[in-house]
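Everything below concerns the one structure shown next.
Just so it is clear, none of the values below were taken in a lab; they were calculated from the coordinates. Keep in mind that what you see is a predicted model, and the values were worked out from it rather than measured. Cβ: placed from backbone, ideal geometry, glycine included. Neighbour counts: every protein chain shown.
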Amino acid sequence: MDFKLILKKINGSLSDSEKMQFDSWYQESPEHQQFFRKVRAQVLTKKEQVDAEAAWNEVQVKLAVPKKRKRKLWPVAIAASLAAVLTVGVYLNQQKVDYASPISSPIESGAHRAVLTLEDGEEVFLGEHSTFHQANSTTRDQSLVYHQPPAESTEKIVYNTLSIPKSGQYKLVLTDGTQVWLNSDTRIKYPTAFIADQPREVELIYGEAFFEVTPSKRVKTNNFFVKSQGQTIEVIGTAFNVRNYTEEDQIETTLVEGEVSVLNAISGQQMTLMPNEQVSLRTHTGHWQKKVVNPEYATAWKQGYFKFKEESLHTIMRAISRWYDVEVHFENEELKELEFNGVFSKNQELEKIIEILEFGGAIEFSINDHQITVRQSK
Amino acid sequence: MEPNPHLLLGLIKQRDEKTFRHLFVLLYPELVIYAQNYLFDRAMSEDVVQEVFIFVWENAETLEIAVSFKSYIYRMVRNRCLNHLRTLKLTDPTKAIETLFHIEQPGTSPLDEGDQEKIRKINQIVSTFPAGMQKIFKMRYYQGHTYNEIAAELAVTVNTVKTQLTRARKRIIDQLSR
């Protein structure tokens with residue numbers, strides 16, 4: 001599309017055919033919408049001063065950055081305990097010696113971002129530093145907060161949808177004070193205000209969310225329900241994690257505090273969870289299973305960690321692909337079943353995590369742009 | 001006056017960090033503003049310009065520069081910006097972006113030196129402004145005065161300055177998007 005159409009849109013001088021062209025470009029992706037907003041805000045504004053000295057300090061370091069250590073594999077047993085390896089990983093990082101071209105750019109970790117879809121279909125990109133304010137909603141510290149509107153305006157339920165892209169995360173606060181942390185690749189639909197004496201209902205369309213629900217006795221509304229394709233959670237007052245990624249064919253609900261009742265929409269059965277209990281519902285068969293777990297593993301993502309215990313490489317790489325927005329290919333299917341333990345910060349470059357995974361000696365990775373291939377090490 | 005580009009490049013090839021730093025500090029601010037004109041994003045613009053400098057440092061050995069160093073580096077920045085616009089499926093066949101930049105930063109970019117057509121177009125747009133608006137516009141964009149300075153100088157309110165600039169802006173966009 002011709003950049004000029006953006007200028008015309010800002011000026012309100014699009015012809016009908018140009019309008020169609022602009023609209024289809026605008027609807028095509030959140031990046032397009034974000035760019036349009038940036039142009040509208042900045043076209044012909046005086047640019048701020050630029051600090052060249054500060055930038056030089058950043059660049060100078062990069063000029064001297066050593067080339068990545070050649071991937072060396074240690075002949076250690078499979079199934080490395082990553083936690084034990086972490087300190088060694090740090091030691092290795094200091095051993096980089098061969099200085100050369102640093103141009104390969106590291107794959108950065110995700111950040112706060114989301115796309116808010118309003119009732120009328122308008123989409124608003126919320127980024128690390130975006131501010132948004134409309135009706136009873138406003139952004140605050142990288143979360144979107146809804147305030148209780150005046151009573152007379154809450155007769156009709158209005159829904160908004162918040163979508164978190166890959167390599168994004170965001171937090172949502174509903175009018176009843178319920179807090180919802182949203183992981184990468186997640187979509188949730190919720191009312192912009194709850195109506196007194198009616199059940200509070202949100203829909204986790206896909207992805208992963210951690211809920212801290214305000215008990216119904218503290219607000220003048222009834223119980224809180226979280227619906228997903230295949231199950232409904234009735235919340236009696238509490239904190240829990242729901243994970244419902246389409247590609248995983250299962251919904252995993254982990255209770256941290258309080259009590260929830262889970263309805264299996266496929267079999268019609270109902271199950272009550274107590275703290276530290278987790279239920280996994282197979283969405284294809286309706287089969288479900290409850291077990292006692294340490295909830296820290298299911299909720300570490302919200303604290304900024306990946307935390308795995310006897311977790312398959314398949315599941316680990318899925319979490320990584322969501323947070324770093326990379327595609328993962330396994331050269332050999334069996335590798336998917338390798339199990340790892342470990343904790344690492346989500347706030348680091350992907351290469352560092354890969355280095356640690358490789359350190360066990362069983363597998364090696366190659367990174368090409370945002371494609372990652374996992375193979376058995378030779 | 002810029003030294004001989006071959007000399008500059010020769011010094012960079014010899015990893016003369018002092019020369020490189022000098023060029024960086026000299027050109028970085030205007031290049032960032034230039035990039036920002038395409039990208040409408042300060043952080044992204046800084047990244048692009050830094051990457052270009054790093055590229056030059058890394059690849060000095062194999063670079064041949066036929067034009068001035070400044071033109072060369074402006075061109076690299078522009079190409080990267082246009083690439084980014086391409087990923088957003090945008091093109092700029094009438095060079096509206098370049099023209100916007102000239103209005104704001106006259107005489108900075110070496111790329112279109114002597115582009116009489118563009119200069120004529122810009123002068124033509126600005127000359128259609130009423131006298132007061134023209135004065136305010138030039139003080140703001142050509143001489144870099146603040147709203148307050150302009151208001152004091154012309155004995156008008158800051159609000160008038162802002163209104164006039166908003167109207168001027170609308171006229172420019174109108175003209176450019178024809």
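Data for the structure
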item: Label-point gap, in nm, between residue B:156 and residue A:179 - each point 7 angstrom along Cα→Cβ; result: 5.0 nm
item: Using a Förster distance of 51 Å, the FRET efficiency for residue A:48-residue A:378 (Cβ separation, nearest 0.05); result: 0.45
item: Coil-residue GluC sites (Glu not before Pro) of region A:105-150, DSSP, other Cβ within 10 Å capped at 16; result: A:108, A:119, A:122, A:128
item: For A:2-12, mean number of other protein chain Cβ atoms within 10 Å; result: 6
item: Amide H partners (placed H, <5 Å) of residue A:265, local residues excluded; result: A:231, A:232
item: Estimated FRET transfer efficiency when R0 is 41 angstrom, pair residue B:82-residue A:227 (beta carbons, to 0.05); result: 0.35
item: Neighbour-limited loop hits for trypsin sites (Lys or Arg not before Pro), region A:192-283 (at most 14 other Cβ within 10 Å; DSSP other than H, G, I, E, B); result: A:217, A:218, A:220
item: 10 Å binning of all Cα-Cα separations within region A:240-316, expressed as whole percents from 0 upward; result: 18, 52, 28, 3
item: Principal axis dimensions, largest first and in whole angstrom, of region A:140-253 by Cα; result: 42, 28, 22
item: Label-point gap, in nm, between residue B:174 and residue A:369 - each point 7 angstrom along Cα→Cβ; result: 4.5 nm
item: Rg/Rh ratio calculated on Cα atoms of region A:112-195 (Kirkwood radius); result: 0.95
item: Zone residues, region A:224-264, relative to residue A:206, backbone N less than 16 Å from point 7 Å out along Cα-to-Cβ; result: A:228-231, A:243-252
item: Peptide B:163-174, shielding by other chains (average Cβ, 10 Å cutoff); result: 3
item: Karplus 3J(HN,Hα) series, Hz, for region A:14-26 with 6.51 cos²θ - 1.76 cosθ + 1.60 (x for Gly, Pro); result: 6, 7, 4, 6, 5, 4, 4, 5, 5, 4, 6, 5, 5
item: Long-range amide H partners of residue A:144 with built H, under 5 Å; result: A:171, A:172, A:173
item: Nonlocal amide H pairs with residue A:111, under 5 Å, H built at 1.01 Å; result: A:168, A:169
item: Length gained when the stretch residue A:276-residue A:31 is fully extended (0.36 nm per residue, less Cα-Cα span); result: 84.2 nm
item: Cα centre as origin, Lys/Arg/Asp/Glu Cβ charges: chain A dipole, Debye; result: 700 debye
item: Length released on extending from residue A:234 to residue A:337, taking residue separation times 0.36 nm less the Cα-Cα span; result: 33.7 nm
item: Average beta-carbon neighbours from other chains, 10 Å sphere, peptide A:52-60; result: 6
item: Label-to-label distance, nm, for residues given as residue A:155 and residue B:43 (7 Å Cα→Cβ offset); result: 4.5 nm
item: For q = 0.17, 0.18, 0.22 Å⁻¹, Debye-computed log10 I/I(0) when each Cα of region A:274-378 counts as one equal scatterer; result: -0.88, -0.96, -1.26
item: Convex hull of Cα atoms in the protein assembly as shown, direction-averaged projection (nm²); result: 32.2 nm²
